[in-house]
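Below is one structure, written out as structure tokens, with a few remarks after it.
Since every read-out is calculated from the coordinates, none of them should be taken as a lab result. Keep in mind it's a predicted model, so treat the numbers as computed, not measured. Because the Cβ atoms are built from the backbone with ideal geometry, glycine has one as well, and the counts that use them run over all protein chains shown.
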Amino acid sequence: MAERPIEDRHWNAIYLLSAICTIFMTLAVAVQPLFLRNILGVSFEVAGAVNANVQVVTEILGLVLIGYLGYLSDRFGRVPIMVVGFLVAAGGALLAPFSVQLGAFLGIGGLGVYYLMRMVMSLGTGATWPQLSTLAADFTNYANRPRLMANTAFMMAFGATIVYAVLMQIPQHTGIVAVMIFPAAIALAGAWLARKYLIDTAPRLPGNKVPWRRLGDLILKEPRMRLTFASAFLARSDMVFVGMFLMLWYIYFADLVGVSQGEAAAHAGRLIGLAGFIVLITLPLWGAFIERFNRVTAIAAGMALSGLGFASLGFVVNPFDWLIVLPTVLLAAGQAGCLIAPQVLTIDLTPKEIRGSVLGVFNVTGCLGIIFFVQVGGFLFDAVGPHAPFLLIGISNLLIMAYALWFLRPGFREQPLGGRENAGST
């Protein structure tokens with residue numbers, strides 16, 4: 001396939017859709033504890049496990065779907081898969097608020113229907129955000145990739161910030177159901193935007209078989225690729241933790257400090273919104289940092305800040321204490337680097353014709369990490385206390401920092417890939 005020129009409207013569509021997709025996914029996670037607690041009546045004693053189970057079920061679906069869709073995008077293009085994904089996600093989001101009524105009608109209970117609808121939403125988002133990231137990568141080359149991928153991540157962080165700073169303030173005024181219907185509308189808007197304003201530029205992968213041998217050789221024989229995949233497994237769940245377990249902590253701590261559920265959710269939303277704002281303003285700095293130094297150094301620095309922030313959060317007793325702001329700012333600043341540096345390095349190391357397949361496996365690795373750490377974190381939340389999941393993530397990120405530092409031993413030098421790098425248009 002001959003490459004088509006990339007125009008400003010294509011990049012504008014990428015940026016807007018990145019925000020839309022993140023709003024959809026983040027709002028689904030953020031409103032979940034409120035919906036389970038106040039509409040479905042899930043008790044405090046099992047709240048951590050139930051919320052984690054819902055998230056794990058959706059991630060398992062992503063695990064099955066994302067890798068294969070990455071391969072299909074190499075064969076047939078990113079845009080068609082993205083459009084269908086938005087439409088499927090919209091259907092699940094439209095029905096989820098009515099889980100109680102549907103559960104009574106179908107005889108499987110409200111929680112059962114909610115599980116199913118979250119699975120449908122996950123099927124849709126599993127076909128959208130990975131293709132957005134891959135398409136953005138197709139539009140870049142080695143030199144401009146850190147800056148342009150940082151811009152894309154900036155819009156994703158902007159979407160998450162909007163959710164917690166604005167949309168999660170609405171339930172205390174209008175109720176939960178109204179906020180839960182909103183993602184259906186923005187998913188439909190996303191389908192229209194993707195269909196009208198995005199184009200495919202990557203060469204099509206010939207044949208009808210997944211290139212397992214090329215994927216295996218690339219991952220097993222390139223040491224830096226192993227670092228990026230380890231980063232995806234151990235650190236990809238960070239923002240899910242921030243959204244889910246901080247919200248859980250506030251909602252189920254509310255009775256102890258004498259505030260309402262809605263007020264607690266709003267308080268958590270403001271703190272998580274602050275974290276999103278910190279990610280937002282530091283992402284351009286990380287893009288410049290990567291260009292000034294290198295990808296591996298950025299991974300080490302991001303993991304160090306994020307790990308210290310999460311570990312410090314694990315020693316907080318009362319989430320309503322203002323001191324919780326300090327570790328939240330620290331972990332958010334580090335998370336910004338963790339969002340882009342591993343992905344940029346993975347793209348650098350991947351031939352363009354199998355980029356969708358490699359990023360599919362990369363994202364599957366991240367899903368495995370989310371499944372593992374969210375499930376373990378849910379049990380730790382119930383069995384040990386609200387601080388325990390944050391200590392788990394903090395230690396994990398510091399381990400990745402140590403692994404990245406090993407690559408920075410004397411004699412290491414990061415090199416562009418020359419002939420293997422397929423430069424994109426800008």
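Miscellaneous remarks
- Label positions at W192 and N141, each projected 7 Å from the Cα along the C-beta direction, are separated by 3.7 nm.
- Compactness of the chain, expressed as Rg and Dmax over alpha-carbon positions, Å: 20.6, 66
- With 10 Å bins from 0: P(r) over region 348-410, alpha-carbon pairs, percent: 19, 30, 32, 15, 3
- Average projection area in nm² (convex hull over Cα atoms of region 81-140, one quarter of hull surface): 4.0 nm²
- Percent of Cα pairs exceeding the 25 Å cut-off, where the set is region 136-237: 49 percent
- Spatial separation of Cα centroids for region 1-43 and region 175-196, in angstrom: 9 Å
- Per-selection Kirkwood Rh - region 276-419 (Cα, Å, 1 d.p.): 16.4 Å
- Taken as entire DSSP H runs, the helices of the chain that both span 24 Å or more between Cα atoms along their own long axis and average 0.5 or more on the Kyte-Doolittle scale are 8-34, 47-76, 78-95, 145-165, 176-197, 238-257, 261-292, 295-313, 325-348, 355-383, 388-407.
- When the alpha carbon gyration tensor of region 253-359 is reduced to an equivalent ellipsoid, the three semi-axes, largest first, read 34, 15, 11 Å.
- Cβ crowding within 10 Å ranks I181, I354, I199 as I181, I199, I354, fewest other Cβ atoms first.
- C-alpha center-to-center spacing [region 351-388, region 235-261] in angstrom: 19 Å
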